[in-house]
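Chemist: Structure incoming, see below.
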Amino acid sequence: MSPAKQFRYVFRVMMLVLPALVFGAQDFSRTDFPDTFVFGSGSSAYQVEGAAFEDGRTPTIWDTFAHAGEYGGATADVTCDAYHKYKEDVKLMADTGLEGYRFSISWSRLIPNGRGPVNPKGLQYYNYLIDDLLSHGIEPHITLCHSDLPQALEDEYGGWMSRKIIDDFTAYADVCFKEFGDRVLQWTTLNEANVFALGGYDNGFSPPNHCSPPFGFRPCSKGNSSTEPYIAAHNLLLAHSAVVRLYRRKYKTTQHGFVGLNLFAFWSLPYTNKTTDIIAAQRANDFYLGWFASPLIFGDYPDVMKRNAGSRLPKFTRQESAQVKGAVDFIALNHYMTVHVTDSSSSLETDIRDFSADAAFQFILAGGATTPPGMYPVTEPGLQGVLEYFKQAYGNPPMYIHENGQMTPRTAILNDTTRVDYLQVYIGNLLDAVRNGSNVKGYFTWSFLDCFELLDAYGSAFGLYYVDLDDKNLQRYPKLSAHWYANFLKGSKHSAILEIEDKVLHSSQSRSSS
């Protein structure tokens with residue numbers, strides 16, 4: 001795409017979205033969305049299950065990362081103990097009115113060695129969880145791998161750095177489809193595939209903690225930031241497409257389900273109206289979203305990635321391109337905030353480059369004086385923007401919002417008005433996208449429970465429910481946001497939340513003084 005066309009394209013998307021940012025719906029409820037639309041909340045296995053060394057589960061790369069001290073001694077060995085408390089949690093989900101629950105399966109709990117025999121205890125747990133969800137009318141949405149590759153496969157051949165992972169991941173998926181597919185229709189292969197490749201193999205801020213100087217957020221014992229993110233991403237795409245082919249060949253006609261991929265998605269806006277910044281915003285979309293979406297829709301990486309990364313970006317063979325193209329039933333997004341993008345093309349002049357240098361832009365976080373420290377701004381909601389972008393650039397594929405929510409410090413205060421404000425603004429922005437024709441099928445808040453977070457363990461919280469880690473029973477307490485979401489799902493307009501705010505405030509004060 002020429003610079004002039006890029007300028008016109010990004011400008012057109014901005015003009016479509018801008019009116020919604022100013023005049024977005026403020027008074028709405030569940031009934032304003034299609035009946036087939038799914039509203040839920042989510043979690044992941046490592047972040048909520050606990051029981052890290054029970055019933056045959058073996059370590060994952062996330063266990064190894066945490067136990068190496070990356071979180072200052074914090075781990076998810078116990079966390080919310082959802083492994084033992086799933087019935088209580090499903091009851092809370094039903095009380096909240098969730099229509100769907102997004103969770104992941106722990107590969108090392110189901111198949112402890114990464115391949116080979118299935119663990120009966122792990123199989124039993126997920127069968128019980130799925131059945132309990134369905135008995136309460138809650139639709140399970142399952143992710144196969146949420147950053148928790150079995151450590152056994154990492155040790156044996158380097159995990160996602162080896163093409164051997166394709167066969168093992170496909171065999172694992174086959175077990176899941178066979179055992180659970182009679183009751184599960186919605187499958188996601190990988191969570192935040194783009195961020196997993198960057199955090200794990202370029203910056204080193206997440207497992208398996210690979211990076212190389214001068215790159216990396218922290219020291220790494222191994223890695224090559226210039227090449228490994230691209231290699232890992234390539235193998236992620238090939239493994240994903242292999243799983244999709246397996247499902248379509250072996251299970252689709254009897255189970256009638258859908259298999260998608262999850263990506264992390266900022267909504268990127270130019271920092272200024274300069275042509276260089278507008279083109280940089282498009283380049284940000286190509287590098288962060290097109291890195292995976294373009295192969296899945298068009299069969300190859302974006303031209304700007306091939307040009308800037310050169311030989312460090314793996315090439316698809318003709319057969320691989322044909323296998324990857326179209327190998328997705330939906331694309332799911334984890335979206336939290338809007339960013340502004342400014343050009344930094346000077347990075348292309350350096351001899352040693354990583355993904356960020358190849359992308360040649362810098363993020364400037366959107367914010368403002370009204371945004372409390374450590375929280376996401378609500379002044380520029382980006383759901384409609386990023387969904388409109390997928391509609392314009394990729395032909396409006398089926399989409400899900402798998403994660404969206406407000407980050408707050410982890411405290412026992414239940415009157416989380418900032419989270420309520422955030423959800424109201426973003427769900428209103430989502431409604432604008434639906435009304436404008438975006439092919440979005442569902443929305444899941446992150447997260448259902450306060451849990452172990454990727455970046456800071458127990459330092460921040462996203463949950464609708466507070467979990468008291470100092471209580472041996474790990475008691476759950478509903479926040480104002482849980483009541484708000486329940487009211488929304490029951491069809492109440494948002495003004496009704498004022499009637500319960502005092503109740504939650506008093507509950508919070510009572511909890512804090514106990």
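Chemist: Just to be sure I understand, how many residues within the range 286-337 are of a type in the set (Lys, Arg) and open to solvent by less than 10 Å² (accessible area, probe 1.4 Å)?
Modeler: Residues meeting the conditions: 0.
Chemist: If I go through the range 106-144 residue by residue, how many of them are more than 13 Å from GLN186 (Cβ to Cβ), assigned to a loop (DSSP other than H, G, I, E, B) and of a type outside the set (S, T, N, Q)?
Modeler: Residues meeting the conditions: 9.
Chemist: Please work out which one of (1) within 17 Å of SER347 (Cβ to Cβ); (2) touching a strand residue (DSSP E or B) at 6+ places or on another chain (Cβ under 6 Å) is the condition ARG312 fails and give its number.
Modeler: Evaluating ARG312 over (1) within 17 Å of SER347 (Cβ to Cβ); (2) touching a strand residue (DSSP E or B) at 6+ places or on another chain (Cβ under 6 Å) leaves (2) as the failure.
Chemist: Of the residues that sit in the range 357-371 and are at pLDDT below 90 and of a type in the set (A, V, I, L, M, F, W, C), which one is surrounded by the most Cβ atoms within 10 Å (Cβ to Cβ)?
Modeler: ALA366
Chemist: Which one of SER221, SER225, SER268, SER241 is in contact (Cβ under 8 Å) with a residue 24 or more places away in the chain and within 18 Å of ASP354 (Cβ to Cβ)? Please lay out each step first, then the result.
Modeler: Working: SER221 fails: in contact (Cβ under 8 Å) with a residue 24 or more places away in the chain; SER268 fails: within 18 Å of ASP354 (Cβ to Cβ); SER241 fails: within 18 Å of ASP354 (Cβ to Cβ).
Step by step, each of SER221, SER225, SER268, SER241 is checked, and only SER225 is in contact (Cβ under 8 Å) with a residue 24 or more places away in the chain and within 18 Å of ASP354 (Cβ to Cβ).
Chemist: Would you check if there is a residue in the range 169-182 being open to solvent by less than 10 Å² (accessible area, probe 1.4 Å) and closer than 15 Å to PHE65 by Cβ?
Modeler: No, because not a single residue in the range 169-182 is open to solvent by less than 10 Å² (accessible area, probe 1.4 Å) and closer than 15 Å to PHE65 by Cβ.
Chemist: Taking LYS325 and the conditions (1) at pLDDT below 95; (2) closer than 21 Å to LEU236 by Cβ, which numbered condition does it fall short on, given that it satisfies the others?
Modeler: (1)
Chemist: Could you tell me which of the residues PHE264, PHE217, PHE258 is modelled with pLDDT under 95 and among the hydrophobic types (A, V, I, L, M, F, W, C)?
Modeler: PHE217
Chemist: A further question on this structure: Only residues in the range 323-352 that are farther than 21 Å from GLU380 by Cα count as the first member; pair them with residues that are open to solvent by 40 Å² or more (accessible area, probe 1.4 Å) and part of a helix (DSSP H, G or I), Cβ under 7 angstrom, at least 6 apart or cross-chain, and list the lot.
Modeler: Listed by first residue and then by second, the contacts come to GLN323/ARG245; LYS325/PHE298; ALA327/ARG245.
Chemist: Tell me which residues, restricted to the range 57-68, are small (Gly, Ala, Ser) and either touching a Ser or Thr at 6+ places or on another chain (Cβ under 6 Å) or open to solvent by less than 40 Å² (accessible area, probe 1.4 Å) (or both).
Modeler: The first filter runs over the range 57-68 and keeps only residues small (Gly, Ala, Ser), leaving 66, 68.
Selection gives ALA66 alone.
Chemist: Are any residues in the range 113-126 crowded, with 21+ Cβ neighbours inside 10 Å, of a type outside the set (Ser, Thr, Tyr) and on the phi < 0 side of the Ramachandran plot, and if so, which ones?
Modeler: GLY122
Chemist: Report, by residue number, each residue of the range 264-323 that is among the hydroxyl-bearing types (Ser, Thr, Tyr), farther than 21 Å from GLY395 by Cβ and touching a Phe, Trp or Tyr at 6+ places or on another chain (Cβ under 9 Å).
Modeler: THR275
Chemist: Name the residue, out of ASN415, ASN473, that is of a type outside the set (Lys, Arg), touching a Ser or Thr at 6+ places or on another chain (Cβ under 9 Å) and in a loop (DSSP other than H, G, I, E, B).
Modeler: After applying the criteria, what remains is ASN415.
Chemist: Moving to a separate point now. Check SER206, SER212 and return the single one that is more than 17 Å from PRO117 (Cα to Cα), free of Cβ contacts under 8 Å to residues at least 24 places away in the same chain and either in contact with a Gly (Cβ under 7 Å, 6 or more places away or on another chain) or open to solvent by less than 10 Å² (accessible area, probe 1.4 Å) (or both).
Modeler: SER212
Chemist: Exactly one of (1) surrounded by 15 or more Cβ atoms within 10 Å (Cβ to Cβ); (2) in contact (Cβ under 8 Å) with a residue 60 or more places away in the chain; (3) on the phi > 0 side of the Ramachandran plot is unmet by GLY374. Its number?
Modeler: (1)
Chemist: Still on this structure, please answer the following. Would you please name the residue that is modelled with the highest pLDDT, looking only at residues in the range 1-56 that are touching a Ser or Thr at 6+ places or on another chain (Cβ under 8 Å) and open to solvent by 40 Å² or more (accessible area, probe 1.4 Å)?
Modeler: Among residues in the range 1-56 that are touching a Ser or Thr at 6+ places or on another chain (Cβ under 8 Å) and open to solvent by 40 Å² or more (accessible area, probe 1.4 Å), the one modelled with the highest pLDDT is ASP27.
Chemist: Which residues, taken from the range 165-216, are closer than 30 Å to ASP351 by Cβ and assigned to a helix (DSSP H, G or I)?
Modeler: ALA193, ASN194, VAL195, PHE196, ALA197, LEU198, GLY199, GLY200, TYR201
Chemist: Please specify each residue of the range 42-98 satisfying the condition of being under 21 Å from PRO208 (Cα atoms), of a type in the set (S, T, N, Q) and in contact with a helix residue (DSSP H, G or I) (Cβ under 8 Å, 6 or more places away or on another chain).
Modeler: Once the filter is applied, which keeps residues that are under 21 Å from PRO208 (Cα atoms), of a type in the set (S, T, N, Q) and in contact with a helix residue (DSSP H, G or I) (Cβ under 8 Å, 6 or more places away or on another chain), the range 42-98 yields SER43, THR58, THR60, THR64, THR75, THR79.
Chemist: Being touching a residue at least 40 places away in the same chain (Cβ under 8 Å), under 26 Å from ARG249 (Cβ atoms) and either buried (at least 19 other Cβ atoms within 10 Å of the Cβ) or touching a helix residue (DSSP H, G or I) at 6+ places or on another chain (Cβ under 6 Å) (or both) is the filter here, so list the residues in the range 132-162 that pass it.
Modeler: PRO140, HIS141, ILE142, THR143, LEU144, CYS145, HIS146, LEU149, PRO150, GLY159, TRP160 - these are the residues of the range 132-162 that are touching a residue at least 40 places away in the same chain (Cβ under 8 Å), under 26 Å from ARG249 (Cβ atoms) and either buried (at least 19 other Cβ atoms within 10 Å of the Cβ) or touching a helix residue (DSSP H, G or I) at 6+ places or on another chain (Cβ under 6 Å) (or both).
Chemist: Next up: Hey, ILE231 hits all of (1) farther than 26 Å from GLY42 by Cβ; (2) of a type in the set (A, V, I, L, M); (3) in a loop (DSSP other than H, G, I, E, B) but one; which does it fall short on?
Modeler: Failed condition: (3).
Chemist: Follow-up. Can you tell me which residue within the range 377-405, out of those that are in a loop (DSSP other than H, G, I, E, B), modelled with pLDDT of 95 or more and open to solvent by 30 Å² or more (accessible area, probe 1.4 Å), is nearest to LEU464 (Cα to Cα)?
Modeler: So, considering only residues that are in a loop (DSSP other than H, G, I, E, B), modelled with pLDDT of 95 or more and open to solvent by 30 Å² or more (accessible area, probe 1.4 Å), the one nearest to LEU464 (Cα to Cα) is PRO398.
Chemist: Can you tell me how many residues within the range 468-491 are surrounded by 17 or more Cβ atoms within 10 Å (Cβ to Cβ) and either charged (D, E, K, R) or at pLDDT below 95 (or both)?
Modeler: Residues meeting the conditions: 2.
The values are calculated or read from the model by the stated rules, or taken from the named source; none is laboratory data. Note that this is a predicted model, so its numbers are computed, not measured. Ideal geometry is used to build each Cβ from the backbone, glycine not excepted, and the neighbour counts take in all protein chains shown. For the accessible areas, the whole protein counts, side chains as well, though only heavy atoms, and no ligand, DNA or RNA atoms are used. Shrake-Rupley method; radii C 1.70, N 1.55, O 1.52, S 1.80 Å.
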